[in-house]
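Notes for the one structure printed next.
The values are calculated or read from the model by the stated rules, or taken from the named source; none is laboratory data. None of these values were measured; they are calculated from a predicted model. Neighbour counts run over all protein chains shown; Cβ positions are idealised from the backbone, glycine included.
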Amino acid sequence: MISGAPASGKGTQCGLIIKKYGLVHIAAGDLLRAEVAAGSENGKRAKEYMEKGQLVPNEIVVMMVKERLLKSDSQEKGWLLDGYPRSLSQAMALEELGIRPELFILLEVSEEKLVERVVGRRLDPVTGKIYHLSYSPPETEEIAARLTHRFDDTEEKVKLRLQTHHQNVKDVLSIYEDITIKVDGNASKEDVFAQIDSAVSGLVEQKGLQHPCVKYDA
């Protein structure tokens, strides 16, 4: 499991982990949408809540996650669960089903840097690509002119989201405290991955695992 605040670099690190270790990437949000599109039993139940603008109950999402984790590719290759659990109740639901990662990776980034990363983000509505005014500026003036700023990517709203995130992580950590490593997410993406890679490869060697099972929290 890898957990981090908005703009902590989780998506980048998720991609690097999958590339090196060949894990099956399971994103809870994508899984939910796929189940709804496929018209599965869980998807039909979830759709009823989504159409009313309500949150899909934990028990429906956790069953989707469980069923995906039990598929042959997840069992053979190991898995990386992205975006779940985000709360103590969700973590407890996974525990009750016997679903537990080998490792919980916590990306720690200073609030000042997180705010800077989020406030500077811009979206290209044509391609869907995310830019950053300082770190990843648009390639052309034409792209720059059409970039949009998400309404909740303001300093005030970011700080509120961070408060919620920190409380949720604190609760979830109480379940996974014995398998947690804390990673300095203020460093470059290469240095951050080096810290994660060291922990995962050490786990594989120590336990003689063919593949690590890592659960990823968005």
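Quick rundown of the values:
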| item | result |
| --- | --- |
| Residue check, G53 under 29 Å from E177 (Cα atoms), part of a loop (DSSP other than H, G, I, E, B) and free of Cβ contacts under 8 Å to residues at least 24 places away in the same chain | no |
| Boolean, L81 is at pLDDT 90 or above, closer than 26 Å to L32 by Cα and either touching a helix residue (DSSP H, G or I) at 6+ places or on another chain (Cβ under 6 Å) or surrounded by 12 or more Cβ atoms within 10 Å (Cβ to Cβ) (or both) | no |
| Listing of helices (runs of 4 or more DSSP H) fully contained in segment 56-110 that carry 2 or more residues being farther than 30 Å from D184 by Cα and among the basic types (K, R) | 58-69 |
| Yes/no for G22 being without any contact (Cβ under 8 Å) to a residue 60 or more places away in the chain, surrounded by fewer than 17 Cβ atoms within 10 Å (Cβ to Cβ), over 24 Å from E96 (Cβ atoms) and not β-branched (V, I, T) | no |
| In segment 87-114, the residues that are closer than 22 Å to L32 by Cβ and surrounded by 19 or more Cβ atoms within 10 Å (Cβ to Cβ) | Q90, A91, A93, L94, I99, P101 |
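Table: residues versus (1) outside any helix (DSSP H, G or I); (2) closer than 11 Å to V118 by Cα; (3) of a type in the set (A, V, I, L, M, F, W, C); (4) in contact with a helix residue (DSSP H, G or I) (Cβ under 6 Å, 6 or more places away or on another chain).
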| site | (1), (2), (3), (4) |
| --- | --- |
| P138 | yes, no, no, yes |
| I143 | no, no, yes, no |
| D153 | yes, yes, no, yes |
| K159 | no, yes, no, no |
| H166 | no, no, no, no |
| V169 | no, no, yes, no |
